[in-house]
Amino acid sequence: MDAQIHWLGHDSFRIEGDGVVIYIDPWKLEGGPKADLILITHDHFDHCSPEDVAKIQGKDTTIVTIAAAASQLTGNIQIVKPGDELTVQGVKIQAVPAYNVNKFRSPGVHFHPREAGHVGYVLTVGGKRIYHTGDADHIPEMKGLAPDIALL
């Protein structure tokens, strides 16, 4: 594989390949190279951290995220929703649904409800399809994604 994947703790990863540095849900970063692309799955503090984004954001960094998280960030932002497909900085990205089916804030109220429009991402780097589930349980939409690598 022509990509390097670095787990940075919690749900945060850095992927380097095809000449691009990608971060997914950067949180509690202690440094690292500047990002070409930052993917944010949803607006919760441990996935969308403006302070951590600022540590790795350069003038040419593109941020891909949902509208609820975009409102917390600045810079070149592309808003997505589940089902969107786009290519950013040469990286093919598919935004896929991410939600809970068995985790609840209170009885009957999901912690990450489907209606919130949170996302996971399937991206192609180094010739491999890499799936970051976002904050999701095992949901029906995962069937058929067929990634080479899953970041859970």
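The values are calculated or read from the model by the stated rules, or taken from the named source; none is laboratory data. Keep in mind the model is a prediction, meaning the values are calculated, not measured. FYI the Cβ positions are ideal-geometry reconstructions off the backbone, even for glycines, and counts take in every protein chain you see. With ligands, DNA and RNA removed, areas are computed over all heavy atoms of the protein, side chains included. Shrake-Rupley method; radii C 1.70, N 1.55, O 1.52, S 1.80 Å.
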Helix-derived mean residue ellipticity, 222 nm - over the chain, DSSP H n ≥ 4, -39500 (n - 2.57), to 500
-1500 deg cm²/dmol
For the chain, what relative contact order do you get, as a whole percent, if you take Cα pairs closer than 8 Å and at least 6 residues apart?
17 percent
Per residue solvent-accessible surface (Å²) - the chain, probe of 1.4 Å
49 Å²
Please list the equivalent ellipsoid semi-axes of the chain, computed as the square roots of five times the alpha-carbon gyration tensor eigenvalues, in descending order and whole angstrom.
23, 18, 14
Using the Karplus equation 6.51 cos²θ - 1.76 cosθ + 1.60 (θ = phi - 60°), what ³J(HN,Hα) coupling, rounded to whole Hz, does each residue of segment 29-35 give in order, writing x for Gly and Pro?
6, 10, x, x, x, 4, 8
With θ set to phi - 60°, apply the Karplus curve 6.51 cos²θ - 1.76 cosθ + 1.60 along segment 20-28 and write out the HN-Hα couplings as whole Hz, x wherever there is a Gly or Pro.
10, 9, 10, 10, 10, 6, x, 8, 6
Could you grab the relative contact order for segment 49-106? Cα pairs under 8 Å, six or more apart, rounded to a whole percent.
23 percent
Residues of type lysines that Lys92 reaches as a straight line, Cα spacing below 24 Å, ignoring anything fewer than 8 places off in the same chain
Lys34, Lys59, Lys81, Lys128, Lys143
Excluding ligands, DNA and RNA, the carbon-plus-sulfur percentage of the accessible area of segment 14-125 with a 1.4 Å probe reads 52 percent
Sequence ranges 11-17, 141-147, ranked by mean other-Cβ count within 10 angstrom, highest first
11-17, 141-147
Chymotrypsin sites (Phe, Trp or Tyr not before Pro) restricted to segment 92-145 and DSSP loop, no more than 16 other C-beta within 10 Å:
Phe111
Once amide hydrogens are built 1.01 Å from N within the peptide plane, the residues lying 5 or more places from Tyr99 or on another chain with amide H under 5 Å from its amide H are Asp137
